[in-house]
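Below: the structure, in structure tokens.
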Amino acid sequence: MAIKVGDKVPSVTLRYLGPDGVKAVTSEEFFGGKKVAVFGLPGAYTRTCSSRHLPGYVQNSAALKAKGLDTIACLSVNDAFVMNAWGKEHGAGDKVVMLGDGSADFTKAIGLTVDRTEAGMGIRSQRYSMIVDNGVVTQLNVEPSGEYGVSSAEAMLAGL
């Protein structure tokens, strides 16, 4: 069953690459006491993710934060090293935290996996965005398969 508005984010460990190496962070720590926009996508370096999804959040980060967000995070079923390299290529810097969900623990726990085995990608994340306020989902936008729009930075900005 997929996560819905009003649900608490599941308790899992996510990873990102910081100045001192890979940092493991629990979802309670990452989402607690903050208003976070998180967008999930099928994979780093994939077509729509690289051409539109991540760049949209990087470009609109200041406007989104001006609407009351503390943090913007990109989450994918990739490891922290891949997410870091991909984020560097797109200028994510301090604008978007690049979270690795390498074993799909978070993605499975929120019920938003998609099976891309036929395409050689294995289990991945559906494309979505959500607002998490102090650990509770207050907005959720899941894309129909193969589409891009409701989870975009521009849609999120218009909805805040």
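The values are calculated or read from the model by the stated rules, or taken from the named source; none is laboratory data. All values derive from a computational prediction rather than experimental measurement. Positions of Cβ are backbone-derived with ideal geometry, glycine not excepted, and every protein chain shown enters the neighbour counts.
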Output for the stretch 104-160, where each listed residue is loosely packed, with under 14 Cβ neighbours inside 10 Å, among the β-branched types (Val, Ile, Thr) and either closer than 13 Å to ASP7 by Cβ or modelled with pLDDT of 90 or more (or both): VAL136, THR138
Among (1) out of contact with any Gly (no Cβ under 6 Å at 6 or more places or on another chain); (2) within 20 Å of VAL136 (Cα to Cα); (3) not in a loop (DSSP other than H, G, I, E, B) - the single one LEU75 does not satisfy: (1)
Filter result (of a type outside the set (Gly, Ala, Ser) and either more than 25 Å from GLY146 (Cα to Cα) or free of Cβ contacts under 8 Å to residues at least 40 places away in the same chain (or both)) within the stretch 50-63: PRO55, VAL58
Residue check for LEU41: buried (at least 19 other Cβ atoms within 10 Å of the Cβ) and either at pLDDT below 95 or more than 15 Å from SER125 (Cβ to Cβ) (or both): yes
Condition met for ALA44 (touching a helix residue (DSSP H, G or I) at 6+ places or on another chain (Cβ under 8 Å), touching a residue at least 24 places away in the same chain (Cβ under 8 Å), over 26 Å from GLY146 (Cα atoms) and not β-branched (Val, Ile, Thr)): no
Some residue of the stretch 137-153 being outside any loop (DSSP other than H, G, I, E, B), free of Cβ contacts under 8 Å to residues at least 12 places away in the same chain and either out of contact with any helix residue (DSSP H, G or I) (no Cβ under 6 Å at 6 or more places or on another chain) or of a type outside the set (Phe, Trp, Tyr) (or both): no
Answer residue from the stretch 7-26, given it is in a strand (DSSP E or B) and among the hydrophobic types (A, V, I, L, M, F, W, C) and is surrounded by the most Cβ atoms within 10 Å (Cβ to Cβ) among those: LEU14
Criterion: assigned to a strand (DSSP E or B) and closer than 22 Å to GLY18 by Cα - qualifying residue of MET98, MET130: MET98
Meets criteria (on the phi > 0 side of the Ramachandran plot, modelled with pLDDT of 95 or more, within 15 Å of the chain's Cα centre (by Cα) and surrounded by 14 or more Cβ atoms within 10 Å (Cβ to Cβ)) for ALA73: no
Any chance ASP105 is free of Cβ contacts under 8 Å to residues at least 12 places away in the same chain, within 22 Å of LYS34 (Cα to Cα) and not hydroxyl-bearing (Ser, Thr, Tyr): no
For VAL36: the one exception among (1) of a type in the set (A, V, I, L, M); (2) part of a loop (DSSP other than H, G, I, E, B); (3) crowded, with 20+ Cβ neighbours inside 10 Å: (2)
Condition met for LYS67 (basic (Lys, Arg), over 14 Å from the mean Cα position of the chain (by Cα) and modelled with pLDDT of 95 or more): yes
